[in-house]
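As structure tokens, the structure follows; a few thoughts come after it.
The values are calculated or read from the model by the stated rules, or taken from the named source; none is laboratory data. Please read all numbers here as calculations on a predicted model, not as lab measurements. Ideal geometry is used to build each Cβ from the backbone, glycine not excepted, and the neighbour counts take in all protein chains shown. Protein only, heavy atoms only, side chains kept; ligands, DNA and RNA dropped before computing areas. Shrake-Rupley method; radii C 1.70, N 1.55, O 1.52, S 1.80 Å.
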Amino acid sequence: MTYNNILLETSDAIATVTINRPKALNALNRETLEEMLTCFNELAQDRSVQVVIITGAGEKAFVAGADISFMQGLTPDEGKVFGRLGHAVTRTIENLPQPVIAAINGFALGGGCELSLACDIRLASDNARFGQPEVNLGIIPGFGGTQRLPRLIGKGLANELLFSGKIIDALEACRVGLVNRVVAQDRLMAECRELAVLIASRGPAAVRLCKEVVNNGMEMDLHRACSYEADLFALCFAGAEQKEGMMAFLEKRPPKFQAN
Ligand code: DAK
């Protein structure tokens, strides 16, 4: 499948999806979101892919937001359709069976920050900038930012960003827990790949179950979430992976996991 606005490259069980509209700082218009939805739905079915990396083309932006020229003339009904499309994309990423790493290589504003929030792990380059500047355009975030940002960094800090629309640098984003770490721009993709390779070397079924239990469990109270964890823990003993992993440990050799 070829796309007009994104690039998909797969090697060694790692798929890299690059939002490719550098002249518009990779802003998300309807066609880009539709292509992302198709692409992530296909990746969800692809058992050979164990980790996904999302980044933006060029050295300036991850994604500078939803496309303002596209949104400018929208009616309320069209705005709703556009917002639902953005939600479908972020939900698909969040529910993807594979872990998703955001390689944030520049501006991650508005819908771009929200896209990164839907990923499982965020690494940023030292030139990255974050913010939810929607209030400066007379709108509120529409791709889940009002919900995922407070859940990730806490309500007080999220409110400061959401109400002020201010933009913070990568170190501040790291300090507040919006990104895991900051690396030099020329190291960003290598660091993301190293992490992806490490994850891909682990038991694929166990990694997928980890993602499932973290994401679903965080929406439950602790007691129910731990009981849910116990159910998925039990499920591990029904598969070949636990047998191979434990046997390999006892035989003092690296495990040989099969893609599942
Ligand atoms: N949309 C469209 N084009 C954009 C863009 C964007 N978000 N951001 C940048 N561009 C374009 C610029 O227009 C410019 O195009 P040309 O003039 O060259 O044709 C090109 O990218 C380069 O940008 P600049 O010349 O502005 O570059 P600078 O280095 O001077 O500034 C900047 C970089 C990132 C600080 C600046 O471009 C900027 O402030 N961009 C806008 C950032 C922003 O406000 N992002 C949030 C967008 S709003 C909802 C659905 C969705 C959303 C909300 C609700 N519902 C349906 C409920 C989401 C909203 C958003 O994401």
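Below are the figures for this structure:
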read-out	value
Estimated dipole of the stretch 53-106 in Debye, rounded to 20 [Cβ of Lys and Arg +1, of Asp and Glu -1, Cα centre]	100
Taking all pairs of distinct alpha-carbon atoms in the stretch 95-174, Kirkwood radius in angstrom	12.6
Neighbourhood net charge (15 Å Cβ-Cβ; Lys/Arg +1, Asp/Glu -1) for residue 97	-1
Kirkwood Rh and Cα Rg combined as Rg over Rh, evaluated for the stretch 44-165	0.97
Beta bridge orientation in the chain: antiparallel %, DSSP, nearest 5	25
Dimensionless Rg ratio for the stretch 151-210, taking C-alpha atoms and the 2.2 N^0.38 Å reference	1.49
Total formal charge among the other residues, if their Cβ is under 10 angstrom from that of residue 53, Lys/Arg +1 and Asp/Glu -1	0
Scattering profile of the stretch 27-80 at q = 0.12 Å⁻¹ [log10 I(q)/I(0), Debye over alpha-carbon scatterers]	-0.40
The stretch 145-204, accessible area per residue, ligands and nucleic acids excluded (1.4 Å, Å²)	54
Excluding exposed DSSP-loop GluC sites (Glu not before Pro) (at most 16 other C-beta within 10 Å), longest clean stretch of the chain	60-218
Kirkwood hydrodynamic radius of the stretch 114-260, Cα pairs, Å	18.0
Amide H within-cut-off set for residue 6, under 5 Å, with H built and near neighbours excluded	20
Accessible-area composition of the stretch 1-158, carbon plus sulfur, in percent [1.4 Å probe]	51
Estimated 222 nm signal from helices in the chain, with DSSP H stretches of n ≥ 4 weighted -39500 (n - 2.57), rounded to 500	-15000 deg cm²/dmol
Charge dipole (debye, nearest 20) of the chain; +1 at Cβ of Lys and Arg, -1 at Cβ of Asp and Glu	360
Neighbourhood charge, 10 Å Cβ-Cβ cut-off, centred on residue 109 and excluding it, Lys, Arg +1 and Asp, Glu -1	-1
The stretch 208-260 - convex hull of alpha carbons, volume per residue in Å³	85
Nearest-10 value in Å² for the accessible area of residue 155, using the 1.4 Å probe	150
Residue among 109, 222, 207 farthest towards the positive dipole end of the chain, charges placed on Cβ	222
Hydrodynamic radius of the chain per Kirkwood, over alpha carbon pairs, in Å	19.1
Over the stretch 1-102 - Rg/Rh using Cα atoms and the Kirkwood inverse-distance radius	0.98
